[in-house]
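Structure first, then comments.
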């Protein structure tokens, strides 16, 4: 591939997937500057391997981004800091105004509280499908696992989320009027 063709292919790749890759990274890294760095590193890897990129390329790019995020976390300890901050501070986007309680807001708040209580692995599996809009086969490629294994993980993650929604163990997750003595959540792995 000549330089001009490589440049055009890379520019098309960037235009088509930069936004999705950056959004994927932002959901995993709290620091916007660090997320921009990881996104840039992801596309640097794509540039270096341009002639060997699979089609469709988005699952491959998200897989590279996922590994780059993991490397960044290992190097700086951002994962522990993020988890600690999320435990201390509720997500303000889902905070409800007590003066005007809205059923949709409460439902969203309840789902997000249950989602945040899932393991990182379950959150990854569900977010690849729901937020990133990938098909199970594409999401499996991002995680570097076989599609049938991904389907099993997706099924189990959905079950655990459903269980947390049906039987919240934290009274803050329970809808108004629910008893605080909800049955305990049992993990099935």
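What's the FRET efficiency of residue 121 with residue 165 using the Cβ-Cβ distance as r and R₀ = 22 Å, to the nearest 0.05? Mind showing how you got there, number by number?
Numbers: r = 18 Å, r/R0 = 0.84.
Calculated value: 0.75.
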Simple spin-label estimate for residue 40/residue 4, 7 Å along Cα→Cβ, in nm, reads 2.9 nm
Distance in nm between residue 33 and residue 147 label points, each 7 Å along Cα→Cβ, equals 4.3 nm
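Each reported figure results from applying straightforward, stated rules to the coordinates on display, with no laboratory input. These numbers come from a predicted model, not from an experiment. Ideal geometry is used to build each Cβ from the backbone, glycine not excepted, and the neighbour counts take in all protein chains shown.
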